[in-house]
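Below is one structure, written out as structure tokens, with a few remarks after it.
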Amino acid sequence: MTEKYQCAVCNNKFKTTDAVDGFKKGYKVGFLCPFCKSNIMETGNFSNSLSNLRFGLSYASAIILAFFAIRTDLNVFISSGETSTRLIALTGLMILATSLLCYINRSVLFKETILYTRKVTE
């Protein structure tokens, strides 16, 4: 898996190791795009973050709702060791949903990670 930047100015993608050190060129913040030489900086957003994945936010909402649905059963399981069919069923669905999300987004998750940038403003 490789990490690449996507320039906010020219939209070209380049390896993180190809970013030009802006400090040596007199810039105090960020780095330079090797294609257009624009002063850019990382935004902290990744192409494979949950909010950028297909169905990512729906998945997160469903997992949170499922967790709230099984929390009493989970407390009983932790304290006494007894499992309920509802706990087993919802846990199985959560595992299935996670597997499905990974399958749908396999190209984003397992190939390259795009790190988004923005232009440095002074």
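For this structure, a couple of remarks:
- Length released on extending from L74 to N12, taking residue separation times 0.36 nm less the Cα-Cα span: 17.5 nm
- Taking the longest Cα principal axis of the chain as reference, the axis of helix 56-80 is set at about 40 degrees.
- Gain in span if fully extended, I95 to K25, counting 0.36 nm per residue against the direct Cα distance: 20.2 nm
- Springs between Cα atoms under 10 Å define the GNM used for the chain, and in it the highest mean-square fluctuation of F77, F67, F46 occurs at F77.
- Check: the chain dipole with +1 on Lys, Arg Cβ and -1 on Asp, Glu Cβ, in debye: 500
- Whole-percent pair-distance distribution, where bins are 5 Å wide, for the alpha carbons of the chain: 2, 10, 15, 14, 11, 10, 9, 8, 7, 6, 5, 3, 1, 0
- By the rule of a second cysteine Cβ within less than 4.7 angstrom, the chain holds isolated cysteines at C102.
- Probing with 1.4 Å while keeping every protein chain in the model, the per residue accessible area of the chain equals 68 Å².
- Adding -39500 (n - 2.57) for every DSSP H run of four residues or longer, then dividing by how many residues the chain holds, sets the calculated 222 nm ellipticity at -13500 deg cm²/dmol.
- Within the accessible area of the chain (1.4 Å probe), percent carbon and sulfur: 59
The values are calculated or read from the model by the stated rules, or taken from the named source; none is laboratory data. This is a predicted model, so every value here is computed, not measured. When we count neighbours, we look across all protein chains shown, and the Cβ atoms used for this are built from the backbone with ideal geometry, even at glycine. Heavy atoms of the whole protein, side chains included, go into the accessibility calculation; ligands, DNA and RNA do not. Shrake-Rupley method; radii C 1.70, N 1.55, O 1.52, S 1.80 Å.
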